[in-house]
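This report concerns only the one structure given below.
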Amino acid sequence: MPAFAFTRQPDALAWFGSDHGGPILASEHARVSQALTSRTPQPWLWVSPEGGDTPFQTASAPATRGVRLRATAGSHRLAGHVRCGLPLPLPTESVGVIVLQHVLEAGDPQPLLQECSRILEPGGRLWLFVLNPWSPYRLRWRGAGLVPRALPQWRLQLAAAGLVMSEHVLHYGPVWRGVPEAPGHGPASFRAARLLEAEKRVASLIPPAPMRRAWRTAPAA
């Protein structure tokens, strides 16, 4: 199984285990739990940084239905319920929900996104937690090796993997106090993290209407 490198800087994800990164993960706890149970009884996959081993990481989730993995700082592999790299040891179209919690922000996101697209069942959902590059909180992760991306960039990354990103975006995490509110934007736009949702869609097998009419009217052989 080939090695999988999350990062150009191997310890970048360790930032989420720091005093500055931990509160971001903690703020997302309830939404992660909601995502994992959103498509019961389909199996799920949850991948998060190794550095985020706070009490919320042991959240009650139906472990018999899913796979919990952590991106280990300083390693090219994943650890948790199984130890692996890419490709993931999961069957094609076998998972209903995937949660990727900040593990795509320290290198090329395409290898893991492509695997997520492969293992997602048609109509399956990907919940992607990412840093907000416009948040004043970015001063906290400056120099950590993390590479936040703007929404158009994430839309292109997801589309390249065959996933369709929703227009609905939620914000989580702390916000830098004392920053004036921008016109037309609420305080949420300054929060440290965003939640993006994407879906795996498949082309319909139903032919266009003119073709259906032609089939109905064609004489039998």
Inset, instruction - Please give the helices (runs of 4 or more DSSP H) falling wholly within the stretch 119-221 in which 1 or more residues are at pLDDT 95 or above. - result: 151-160
Inset, instruction - For Arg77, work out the one condition from (1) closer than 20 Å to Arg118 by Cα; (2) at pLDDT 90 or above; (3) surrounded by fewer than 18 Cβ atoms within 10 Å (Cβ to Cβ) it doesn't fulfil. - result: (2)
Legend entry - Close pairs (8 angstrom Cβ cut-off, 6 or more residues apart or separate chains): surrounded by fewer than 22 Cβ atoms within 10 Å (Cβ to Cβ) in the stretch 124-144, at pLDDT 95 or above and among the polar types (S, T, N, Q) anywhere: Arg138/Asn132
Inset, instruction - Return the total of residues in the stretch 29-43 being farther than 18 Å from Ala198 by Cβ and part of a helix (DSSP H, G or I). - result: 3
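The values are calculated or read from the model by the stated rules, or taken from the named source; none is laboratory data. As the structure is a prediction and not an experimental result, all values here were calculated from the model. Virtual Cβ from ideal backbone geometry, glycine too; neighbours counted across all protein chains shown.
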